[in-house]
Amino acid sequence: MRKFKTLAMIGLLAACKPAAEKAPADADPAAPQMPEAKADGPNAATTAVGLDGEGLRFIDKTSGRTSLLAFGVPRVQAEAALANVAGKEDDRSANAECGAGAMEFTRYDAMTLNFQDGKFVGWFLGNEPGADSYSTMSGIAVGTTRTEAEESVPIVDLEDSTLGEEFSIGTGDRVIGGIFAPPDAAKIDALFAGTNCFFR
């Protein structure tokens with residue numbers, strides 16, 4: 001999986017990422033550019049994907065009708081649904097030592113789907129190419145400023161979080177978590193919901 005832009009995010013999910021391959025000795029020292037996000041699934045032109053505390057919400061761009069891909073559906077169903085919009089997955093990985101127990105992951109550009117026991121249990125949206133394809137129904141997205149977010153939803157800051165400038169929006173089963181980017185915590189750097197591979 002790609003590394004996140006901030007050191008805080010690198011530390012946060014380092015255990016969930018496969019080890020990077022060593023570069024050849026004669027490799028160009030310049031960092032390679034991030035590839036463009038695909039968003040080339042067969043339904044990409046007609047369907048948007050919304051972030052939801054209960055899963056992912058698919059929105060018909062013409063009618064505005066929505067349908068929820070809820071946590072708990074089989075992995076194959078979740079992967080097929082997102083691939084119809086985001087295109088083919090970039091990679092799959094697994095981590096047997098997550099705080100919530102062994103997990104598997106499927107990544108589509110900036111979006112990672114999380115699975116346990118063959119079921120869709122969570123998602124994580126990082127600050128990477130393709131992140132701008134996703135937002136909550138109230139318009140909260142990676143890159144949204146704290147001021148903009150506070151104008152549309154109540155934000156609860158989580159004090160003393162080991163994840164950094166962590167916050168949550170929503171209540172009950174519909175909570176979405178997030179992290180503001182250091183050093184000034186002015187913009188959202190990541191969003192997530194459900195079960196994630198965090199070490200608190």
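Values for this structure:
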read-out	value
Under the Debye formula (equal points on every Cα, no solvent term), log10 I(q)/I(0) of region 38-181 at q = 0.21, 0.22 Å⁻¹	-1.50, -1.59
Antiparallel bridge percentage (DSSP; both residues within region 39-194; nearest 5)	95 percent
Ser161 long-range amide H proximity, modeled H, under 5 Å	Glu166
Region 62-84 versus region 123-200: alpha-carbon centroid distance in Å	21 Å
Cross-link partners of Lys88 among aspartates and glutamates (Cα-Cα below 14 Å; sequence separation of 8 or more within a chain)	Glu36, Asp40, Glu79, Asp109
Amide proton proximity set for Ser135, modelled H, under 5 Å, gap of 5+	Leu51
Relative packing of peptides 101-110, 146-155 - highest average C-beta neighbours within 10 Å first	101-110, 146-155
Segment Val76-Ala186, length gained on full extension (0.36 nm per residue, minus Cα span)	35.9 nm
In region 119-179, chymotrypsin sites (Phe, Trp or Tyr not before Pro) in a DSSP loop with at most 11 other beta-carbon atoms within 10 Å	none
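Quick note: the coordinates plus some simple rules give every number you see, no bench work behind them. Predicted, not measured: the structure shown is a model, and the values here were computed from it. Note: ideal-geometry Cβ built from the backbone for every residue, glycine included; neighbour counts use all protein chains shown.
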